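The values are calculated or read from the model by the stated rules, or taken from the named source; none is laboratory data. Only a predicted model underlies this, so the values are computations on that prediction, with no experimental measurement involved. When we count neighbours, we look across all protein chains shown, and the Cβ atoms used for this are built from the backbone with ideal geometry, even at glycine.
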Amino acid sequence: MNYSLFLLLFYHRVPLELNNTNMAYSGQKSAAITNYRGTDRLILGIVLAVITFWLFAQTTLNIAPTMSADLKISNNLNSIAVSITALFSGIFIVVAGGLADRVGRMKITNIGILLNIVGSLLIVISPSGTAAFLLVGRIFQGLSAACIMPATLALMKAYFDGKERQRALSFWSIGSWGGSGLCSLFGGFVASTIGWRWIFVLSIVVAIISYLVLRGTPESKVAATEKKAFDWSGLITFIIAMVALNIVIGQGSELGWLSSPILTGVIIFIISAVIFFRIEARSKNSFVELSLFNNKTYSGATLSNFLLNGAAGTLLVSLSLVQEQAGLSSLQSGLITVGYLVAILSTIRIGEKLLQKLGPRKPMLLGCFITGLGILLTTFTFLLAKEYIITAFIGFTLFGIGLGFYATPSTDAALSSIPDNKAGTASGIYKMASSLGAAFGVAISAAIFYGLSHMKGISPMAEIAMGRTDNVNVRYAAAMALLFNVFMVVVAIIAIVLTVPKRNLKPAIK
């Protein structure tokens with residue numbers, strides 16, 4: 001059906017509740033679940049749950065200065081509040097995916113919705129002069145995203161098949177990729193009209209609607225054959241490694257890459273990472289199931305997903321450049337990305353159709369090529385301000401088209417290549433790649449940009465290439481940081497060529 005999802009909520013009535021039993025499967029779907037087919041109402045509820053993070057929680061990237069001034073907290077504390085959500089989401093998303101497989105995908109989705117309501121409420125009532133409520137609220141939002149993303153992806157795999165699954169994943173992608181494209185404009189508009197706290201009030205409203213729409217959906221989980229101890233040692237070493245790496249990347253340029261705190265962080269990261277991989281390779285109940293990466297298709301889709309999300313650093317660098325050097329406001333610079341938003345929303349369904357006709361590999365590669373071309377246009381920082389703004393607008397539009405072509409084929413390639421009883425765990429790892437890719441991509445791009453911006457001089461050849469010399473350092477730094485994002489897309493293309501087949505294969509993991 002091609003009805004609007006919102007119209008289907010009221011006019012397309014399909015009973016969700018089949019019975020009161022707890023249905024499960026192990027490898028194969030149970031008879032009860034086989035008889036149940038996902039509906040447009042289920043898709044709508046899942047999309048609403050997904051955008052509680054991508055549309056609402058992500059608005060802090062744009063409204064951080066307003067929040068800091070209103071709450072009277074330092075910029076350092078405010079920066080922590082902005083980044084802590086992605087950190088907790090990335091760390092715990094695999095754990096939540098594994099729990100979704102064992103205790104139920106609907107239960108974990110509902111827990112995620114509840115966590116978002118609690119977190120948003122804490123942010124709404126945050127008193128001036130303290131960051132405690134804000135920080136705790138942002139942590140809850142990160143945990144909420146960690147629950148919702150893998151659980152809802154696993155529900156898509158459980159209750160949809162073939163073209164219907166691909167269609168459902170397209171709407172899931174619209175909620176995530178579209179929400180991430182709209183969040184800065186949405187946050188700026190709400191904050192400048194009715195106040196930034198209303199962003200999180202609206203998030204609570206959407207979360208409640210999502211719960212009501214999903215209510216009655218039959219449970220989906222893996223039949224438990226034996227109780228397993230939780231992999232606490234693996235989780236702890238993973239947390240230490242990720243926190244250390246984030247500190248090194250985020251503070252390296254400010255503290256000095258060879259300073260003792262940064263070198264200590266590097267050592268802690270290396271030791272923790274080595275211990276983590278040794279634990280996960282030997283453990284029978286590891287929370288990051290490394291055996292999933294024995295599947296080449298899953299590995300390629302996940303790696304390219306990490307790299308394409310890492311290219312989000314393009315937005316930070318390019319928009320910072322036009323604000324600093326062309327005098328644009330945050331709202332004006334955000335308008336440069338309007339083409340990105342429109343393009344990604346209008347091409348996600350095209351990516352789905354290309355997947356159905358050509359298989360996953362060709363649309364994934366096409367998407368990466370277009371994305372790379374779009375980012376390459378943003379590297380033309382030698383242009384005058386007006387010329388660069390036009391070029392960057394075209395570049396961001398191509399960026400959105402490329403991601404739209406890539407999103408559904410990549411997600412379907414990852415989920416279609418694994419068995420049902422690994423869906424939650426595999427979805428968690430796939431979405432962890434999204435969160436950590438964006439976090440590290442933005443951090444590395446920022447480190448290159450701000451680090452090179454403060455260099456006292458660059459080579460004469462670079463000055464000739466950049467044209468004007470009054471702000472050559474900043475424009476050179478931006479070009480290098482943006483070229484790093486192009487490099488990530490190139491690596492993603494290589495990964496897809498080497499791993500993803502031309503057509504979907506049957507699950508290879510037993």
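When each of Thr314, Thr302 is tested for being assigned by TED's automatic domain parsing to the domain that holds Val491, touching a Leu at 6+ places or on another chain (Cβ under 7 Å), at pLDDT 80 or above and in a helix (DSSP H, G or I), the lone residue that passes is Thr314.
Here are some residues: Phe393, Phe399. Which one is under 16 Å from the mean Cα position of the chain (by Cα), assigned to a helix (DSSP H, G or I) and among the aromatic types (Phe, Trp, Tyr)?
Details: Phe393 fails: under 16 Å from the mean Cα position of the chain (by Cα).
On inspection, the qualifying residue turns out to be Phe399.
Residue-wise test of (1) within 29 Å of Ser416 (Cβ to Cβ); (2) charged (D, E, K, R); (3) within 17 Å of the chain's Cα centre (by Cα).
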| residue | (1), (2), (3) |
| --- | --- |
| Ser126 | no, no, no |
| Leu134 | no, no, no |
| Ala146 | yes, no, yes |
| Lys157 | yes, yes, no |
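For every residue, the table says whether it meets (1) free of Cβ contacts under 8 Å to residues at least 40 places away in the same chain; (2) hydroxyl-bearing (Ser, Thr, Tyr).
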residue: Val266; (1), (2): yes, no
residue: Arg278; (1), (2): yes, no
residue: Ala281; (1), (2): yes, no
residue: Ser286; (1), (2): no, yes
residue: Asn294; (1), (2): no, no
residue: Leu303; (1), (2): no, no
residue: Leu307; (1), (2): no, no
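Give the residue that is modelled with the highest pLDDT, with candidates limited to residues of region 210-232 that are among the hydroxyl-bearing types (Ser, Thr, Tyr) and crowded, with 21+ Cβ neighbours inside 10 Å. Selected residue: Ser210.
All conditions but one from (1) at pLDDT 80 or above; (2) under 28 Å from Asp231 (Cα atoms) apply to Asn285; the one that does not is (1).
Residue-wise test of (1) buried (at least 24 other Cβ atoms within 10 Å of the Cβ); (2) over 30 Å from Ser144 (Cα atoms); (3) modelled with pLDDT of 85 or more; (4) not assigned by TED's automatic domain parsing to the domain that holds Met149.
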residue: Arg361; (1), (2), (3), (4): no, yes, yes, yes
residue: Gly367; (1), (2), (3), (4): yes, no, yes, yes
residue: Leu383; (1), (2), (3), (4): no, yes, yes, yes
residue: Ile390; (1), (2), (3), (4): no, yes, yes, yes
residue: Thr397; (1), (2), (3), (4): no, yes, yes, yes
residue: Ser416; (1), (2), (3), (4): no, no, no, yes
residue: Asp420; (1), (2), (3), (4): no, no, no, yes
residue: Gly428; (1), (2), (3), (4): yes, no, no, yes
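Residues in region 109-123 that are among the hydrophobic types (A, V, I, L, M, F, W, C) and either closer than 17 Å to Ile51 by Cβ or modelled with pLDDT under 95 (or both): Ile113, Leu114, Leu115, Ile117, Ile123.
Please go through region 126-143 and pick out each residue that is out of contact with any Gly (no Cβ under 9 Å at 6 or more places or on another chain) and of a type in the set (A, V, I, L, M).
Filtering region 126-143 for residues out of contact with any Gly (no Cβ under 9 Å at 6 or more places or on another chain) gives 127-135.
Correct list: Ala131, Ala132, Leu134, Leu135.
Considering every residue within region 159-169, establish whether at least one is more than 18 Å from Thr411 (Cα to Cα), surrounded by fewer than 21 Cβ atoms within 10 Å (Cβ to Cβ) and of a type outside the set (Val, Ile, Thr). Scanning region 159-169, I find no residue that is more than 18 Å from Thr411 (Cα to Cα), surrounded by fewer than 21 Cβ atoms within 10 Å (Cβ to Cβ) and of a type outside the set (Val, Ile, Thr), so the answer is no. I'd like the residue in region 115-127 that is assigned to a helix (DSSP H, G or I) and without any contact (Cβ under 8 Å) to a residue 24 or more places away in the chain and, out of all such residues, is surrounded by the most Cβ atoms within 10 Å (Cβ to Cβ). Per the stated criteria, the residue is Leu122. Of the listed requirements (1) among the β-branched types (Val, Ile, Thr); (2) under 15 Å from Gln58 (Cβ atoms); (3) not in a helix (DSSP H, G or I), Thr130 misses just one: (2).
Among residues that are surrounded by 15 or more Cβ atoms within 10 Å (Cβ to Cβ) and modelled with pLDDT under 90, Gly250 is included.
Scanning region 72-108 for residues that are surrounded by 21 or more Cβ atoms within 10 Å (Cβ to Cβ), assigned to a loop (DSSP other than H, G, I, E, B) and at pLDDT below 85 returns a single hit, Ile73.
Against the definition (more than 23 Å from Ser286 (Cα to Cα) and in a loop (DSSP other than H, G, I, E, B)), how does Glu219 come out, yes or no? Give the steps one after another, and end with the answer.
Values: more than 23 Å from Ser286 (Cα to Cα): yes; in a loop (DSSP other than H, G, I, E, B): yes.
Considered against the rule, which asks whether it is more than 23 Å from Ser286 (Cα to Cα) and in a loop (DSSP other than H, G, I, E, B), Glu219 comes out as yes.
Between Ile199, Ile194, Ile148, Ile139, the distinction of being farther than 28 Å from Ile350 by Cβ and buried (at least 23 other Cβ atoms within 10 Å of the Cβ) belongs to Ile199 only.
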